[in-house]
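Beneath this line is the structure, given in structure tokens, with notes to follow.
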Amino acid sequence: MIKIENLYVSVEEKEILKGISLEVKPGELHVIMGRNGSGKSTLANVLAGKDKYKVTNGSIKFNGENLLDMLPENRARAGLFLSFQYPVAIPGVNNMYFLKAAVNAVRKSRGEEEIDAVDFLSMIREKLKMVDLDESFIHRPVNDGFSGGEKKRNEILQMITLEPKLSILDETDSGLDIDALKIVAKGVNDFRSPDRSFILITHYQRILNYMKPDFVHILMNGKIVKSGTMELAKEVEKKGYSWIEEEVAEAA
Amino acid sequence: MSISNYKAEFEKMLNRDYFSKSLHLYRKEAFAQLEKTGFPTRKWEDWRFTNVSIISDGEYKISEISDAPQTTPNIDSYQMEGVDTVVIYNGHYQKELSSVPDGVALLSGLEHFERKNGKFDTANNSPFDLLNTAFTDSGMCIVVEKDTQVEIPIRILFISNGVRSIMVNPRVYIDVAESSSLTFMEHHVGDAESFFQNESVFISLENNAQLNHIRIQSNSEFTQNMANINVNQDADSQYHFWQLVDGGKLGRSNICVQLNGENAQCYINILALSKNNQHIDNNIIVNHNSPQTHSSQFVKSILFDTSTGVFNGRTVVHKNAQKITAHQTNKNLLLSKKAKMNSNPQLEIYADDVKCSHGSTTGKIDEDALFYLQSRGINKQDAMELMVIGFANEVLDKIPHPEIKKAIHTEFTVKLNRLMA
Ligand SMILES: Nc1ncnc2c1ncn2[C@@H]1O[C@H](COP(=O)(O)OP(=O)(O)OP(=O)(O)O)[C@@H](O)[C@H]1O
Ligand SMILES: [Mg+2]
């Protein structure tokens, strides 16, 4: 699905990612954990194509294509989706209009016809139920005045509407109450399939009670310093990161 | 600034045999006063950012009969569904193109002017109000009698066309009597190659009256527009104003609202879209003269190219005006490095129990929002358009009457797409 090799990234002359390699195969769910500021969102944003981040070295192949050569919109059309850690509000832009524009942009790139307005509405209604959002949300401006949890659910709504191949969820579980967490987890679980992959960025193993990761990676100082399974996430939650830090120091 | 350029025209005006002589006294008085004050210069506090030398140095001629259309003009491109339209072409009323609505008395502005016999409310005696009084040549008066709900909006279509440098001074009175309501629209259009329009509007709302006032300034880019809008509101009256400006070379609106009766409310919404070297200035003053009055100013500008804009919003809360609410919001979107906006929201509060807020933001397109849209598959160009239209929608979406809203929305979107292509 995606293969990241030796990725170096800087922002404003500051090096943030320092040689990341990661391969996610179809159907897999990878978890990335790490302290604040370790570079998790940077990685997510680089994958989505934010141009503020400069790739100084390395390569990323997405289903055989050179991801770094693609515009953000083309990455989305090719099936890459980022659920943002902090979804922005876009005053004046109607959520439904936006969703429809997004769906049609993806369809158009596949040479399909624009979706019929009635079909679209009934589809959205169904998806709204899945994320337990009231219909009024799609008639409001995108994320404008949404609560934290509503924003996250709106991200999941977009994910299940756009049906990406690779979904990167950047702390979609943070700040959610347990009901909202279950909804988000269910959204992801229902959506899992052998040809869809996930990268889940999180601080808490809580969400992993609801979904089974194939791998857990620890990001520290711009590098993946340790990889493991579910057990690793539990250990981190219990003991924090310093023991990993010590391991790394010893190895050096 | 001297107004000598206008002296000869004023003499011509007085000698027009089809204008009533009874008004001469007021015309002369106004002109004499204007000669004293002169046109504003940038040294005047309220005119610091707007240069009117193109008007004060201009040689605009009064509109003659020969400037009226010789045959019935084609107004197909300005048609609008669901409204009654009155047409004024280069300052000349076009009877055969106009439909007079039910339930309202429609007098020509001059007749009304005469009726009131000079008791017209020159609200602030600004130079352009005086100029209008001296040169009033056209206009309308709409009187809605007590307890009358005028369902169909009334639109005055002001067309300015032709190659001659002319000036028109329309004067519009809107009197809405107790517990009555009206939607009034002014639609300024045309392809004039050199034009100066100095319009004065006098609105008076009696107790519990409601007026929706929609003003679209889309005339040619060679037109200088002055709009002097004076609103007087009695108790429980509501004034909703929407102004959309995208035309004209220079556009300045002086909006002055007096909230005289308790619970009088005014909501001012403005959207300005400027390109090339256009300059659009919205100067607003709202006076809370009574307790429990409410006002909001919501003004947005979208600036392209080297265009410039001004927002000068003043809200004055007088001493006895307790328990009022007043809000001012000014948001500006700069779509070019060379575009410039001057924003100046001001609150002057002399009462102590009030709820007021004001804020102003000026910035470029939000890069994070742009990226958000792109990350959902929408290309950059479309994403920009979506956002700019979204920015505008915050004003456009509130326009009453679905048909009018739709027409305005469509026209606006087309214009914007053209500018952003
Ligand atoms: N635009 C930027 N300009 C300057 N520094 C930046 C920028 N974006 C990120 N950084 C820095 O890069 C580092 C990594 O940030 P990043 O957002 O990727 O961390 P994170 O792992 O997602 O943290 P968190 O858990 O708090 O979300 C931080 O030190 C941050 O301050
Ligand atoms: Mg982060």
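The values are calculated or read from the model by the stated rules, or taken from the named source; none is laboratory data. Remember, it's a predicted structure, so these values are computed and weren't measured experimentally. Quick reminder, even Gly has a Cβ in these numbers, built from the backbone with ideal geometry, and neighbours come from all protein chains shown. The area values use the complete protein model at the heavy-atom level, side chains included, leaving out ligands, DNA and RNA. Shrake-Rupley method; radii C 1.70, N 1.55, O 1.52, S 1.80 Å.
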Return the only residue of B:ASN282, B:ASN287, B:ASN232 being part of a strand (DSSP E or B), buried (at least 24 other Cβ atoms within 10 Å of the Cβ) and among the polar types (S, T, N, Q).
-> B:ASN282
Any chance A:ALA48 is touching a residue at least 60 places away in the same chain (Cβ under 8 Å) and either within 13 Å of chain B (Cβ to nearest Cβ) or within 21 Å of A:ARG196 (Cβ to Cβ) (or both) | yes
So A:LYS108 clears everything in (1) within 11 Å of another protein chain (Cβ to nearest Cβ); (2) surrounded by 20 or more Cβ atoms within 10 Å (Cβ to Cβ) except one condition, right? Which one?
-> (2)
Going through segment B:257-268 in order, the residues found to be open to solvent by 10 Å² or more (accessible area, probe 1.4 Å) and either part of a strand (DSSP E or B) or of a type in the set (S, T, N, Q) (or both) are B:GLN258, B:ASN260, B:ASN263, B:GLN265, B:TYR267
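Can you confirm whether segment B:153-172 contains a residue that is without any contact (Cβ under 8 Å) to a residue 12 or more places away in the chain and not small (Gly, Ala, Ser)? Break it down stepwise before answering.
Keep residues of segment B:153-172 that are without any contact (Cβ under 8 Å) to a residue 12 or more places away in the chain, which gives none.
There is no residue in segment B:153-172 that is without any contact (Cβ under 8 Å) to a residue 12 or more places away in the chain and not small (Gly, Ala, Ser).
Looking only at segment A:74-85, filter to residues that are of a type outside the set (Phe, Trp, Tyr) and either open to solvent by less than 20 Å² (accessible area, probe 1.4 Å) or within 16 Å of ligand 2 (Cβ to nearest atom) (or both); which one of those is nearest to the other protein chains (Cβ to nearest Cβ)?
Our first condition is that a residue be of a type outside the set (Phe, Trp, Tyr); within segment A:74-85, this holds for A:74-80, A:82-83, A:85.
Restricting the remaining residues to those that are either open to solvent by less than 20 Å² (accessible area, probe 1.4 Å) or within 16 Å of ligand 2 (Cβ to nearest atom) (or both) gives A:75-76, A:79-80, A:82-83, A:85.
Values: A:ARG75: 8, A:ALA76: 4, A:GLY79: 10, A:LEU80: 8, A:LEU82: 6, A:SER83: 10, A:GLN85: 12 Å.
That would be A:ALA76.
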Hey, any hits in segment A:60-73 for a residue that's within 16 Å of ligand 1 (Cβ to nearest atom), within 14 Å of chain B (Cβ to nearest Cβ), assigned to a loop (DSSP other than H, G, I, E, B) and free of Cβ contacts under 8 Å to residues at least 60 places away in the same chain?
-> no
Inside segment B:44-84, the number of residues satisfying the requirement of being open to solvent by 10 Å² or more (accessible area, probe 1.4 Å), closer than 16 Å to B:SER160 by Cα and part of a strand (DSSP E or B) is 1
When A:THR56 is run through (1) away from ligand 2 (no atom under 16 Å from the Cβ); (2) within 22 Å of A:PRO87 (Cα to Cα); (3) modelled with pLDDT of 95 or more, the failure sits at (2)
Somewhere in segment B:383-401, is a residue more than 14 Å from every other protein chain (Cβ to nearest Cβ), out of contact with any Cys (no Cβ under 6 Å at 6 or more places or on another chain) and without any contact (Cβ under 8 Å) to a residue 60 or more places away in the chain?
-> no
Would it be correct to say that B:GLY359 is within 14 Å of another protein chain (Cβ to nearest Cβ) and within 30 Å of B:PRO291 (Cβ to Cβ)?
-> yes
